[in-house]
1. Quick one: is ALA81 at pLDDT below 90 and aliphatic (A, V, I, L, M)?
2. If I go through region 44-59 residue by residue, how many of them are outside any helix (DSSP H, G or I) and either open to solvent by 50 Å² or more (accessible area, probe 1.4 Å) or not aliphatic (A, V, I, L, M) (or both)?
3. Can you confirm whether region 79-91 contains a residue that is within 21 Å of PRO165 (Cα to Cα), in a strand (DSSP E or B) and of a type in the set (Gly, Ala, Ser)?
4. For region 67-86, which positions are open to solvent by less than 40 Å² (accessible area, probe 1.4 Å), out of contact with any helix residue (DSSP H, G or I) (no Cβ under 6 Å at 6 or more places or on another chain) and not hydroxyl-bearing (Ser, Thr, Tyr)?
5. Considering only strands (runs of 3 or more DSSP E) fully contained in region 94-181, which possess at least 1 residues that are open to solvent by less than 50 Å² (accessible area, probe 1.4 Å), among the basic types (Lys, Arg) and in contact with a strand residue (DSSP E or B) (Cβ under 8 Å, 6 or more places away or on another chain)?
6. What pairs come out if I take residues in region 150-171 that are under 15 Å from SER64 (Cβ atoms) and pair them with residues that are part of a helix (DSSP H, G or I) whose C-beta lies under 8 Å away, six or more apart or interchain?
7. Within region 58-88, count every residue that is touching a residue at least 40 places away in the same chain (Cβ under 8 Å), aliphatic (A, V, I, L, M) and farther than 19 Å from ALA8 by Cα.
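The values are calculated or read from the model by the stated rules, or taken from the named source; none is laboratory data. These numbers were taken from a predicted model, which means no experiment stands behind them. Virtual Cβ from ideal backbone geometry, glycine too; neighbours counted across all protein chains shown. Ligands, DNA and RNA are excluded from the accessible area calculation, which covers all protein heavy atoms including side chains. Shrake-Rupley method; radii C 1.70, N 1.55, O 1.52, S 1.80 Å.
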Amino acid sequence: VNKAILMAATRDANADGAVGKSTSWSSTPDSEDGGGQINFGFLSSILSNNTYHFTNLADANFVSCGTGCRKYTVTTLTVQAARRVRAALAWQSCMTSEGSTPVLNNDLDLVLSCTGTVCPGVLQSNTAVSELEMLERQVCVGAPKAATATCSLEVRIKNGAPLLPCGSTTTERIGVAWRLQ
């Protein structure tokens, strides 16, 4: 959860996009500069407002979201059109022994799914080679500033697959953090 909080508290330091090169984290091009520069005001806001979550995710935590889709809902947010949402998901690579090579045994994605008449849609992270997922929803241009959308912040497992164990551990410890700006 510490890593997720720090990543969600960053700001674009080199003008290459909201989260690295686009609105969702891609471990290949974005590893050039990380998620940005930590903004201590954002960090304080996340900690003060308790906008973070951690859990030992088990297969039973997931519910169906359609064919080939399983999700775990972290939280539901009411987002004003004039505000951005930035979120990060972090978990650990699987290591079965002290000297083993870390392996990603589960491909998790971070999803922000918004409904309503103001800027509905789904934003999904897209990395397959990192234990970090990020996304940022931009302000809703053209909508009244006070207009709101209801969004759910979710963790999805790629292709609705079962959660794979790491050695004798059958859960995946995750940390998620988000902020409204």
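1. Details: at pLDDT below 90: yes; aliphatic (A, V, I, L, M): yes.
Against the criterion (at pLDDT below 90 and aliphatic (A, V, I, L, M)), ALA81 qualifies.
2. Here the count works out to 8.
3. Here is the first cut: in region 79-91, the residues within 21 Å of PRO165 (Cα to Cα) are 89-91.
Add one more test, that the residue is in a strand (DSSP E or B), and what stays is 89-91.
Remaining after also requiring of a type in the set (Gly, Ala, Ser): 90.
Scanning region 79-91 turns up at least one residue that is within 21 Å of PRO165 (Cα to Cα), in a strand (DSSP E or B) and of a type in the set (Gly, Ala, Ser).
4. At the first step, the residues of region 67-86 found to be open to solvent by less than 40 Å² (accessible area, probe 1.4 Å) are 69, 72, 74-75, 77, 79, 81, 85-86.
Filter once more, keeping what is out of contact with any helix residue (DSSP H, G or I) (no Cβ under 6 Å at 6 or more places or on another chain): 74-75, 77, 79, 81, 85.
Once the filter is applied, which keeps residues that are open to solvent by less than 40 Å² (accessible area, probe 1.4 Å), out of contact with any helix residue (DSSP H, G or I) (no Cβ under 6 Å at 6 or more places or on another chain) and not hydroxyl-bearing (Ser, Thr, Tyr), region 67-86 yields VAL74, LEU77, VAL79, ALA81, VAL85.
5. 132-137, 148-157, 172-180
6. Hits for this filter: PRO162/ASP59; LEU163/ASP59.
7. Residues flagged as touching a residue at least 40 places away in the same chain (Cβ under 8 Å), aliphatic (A, V, I, L, M) and farther than 19 Å from ALA8 by Cα within region 58-88 amount to 2.
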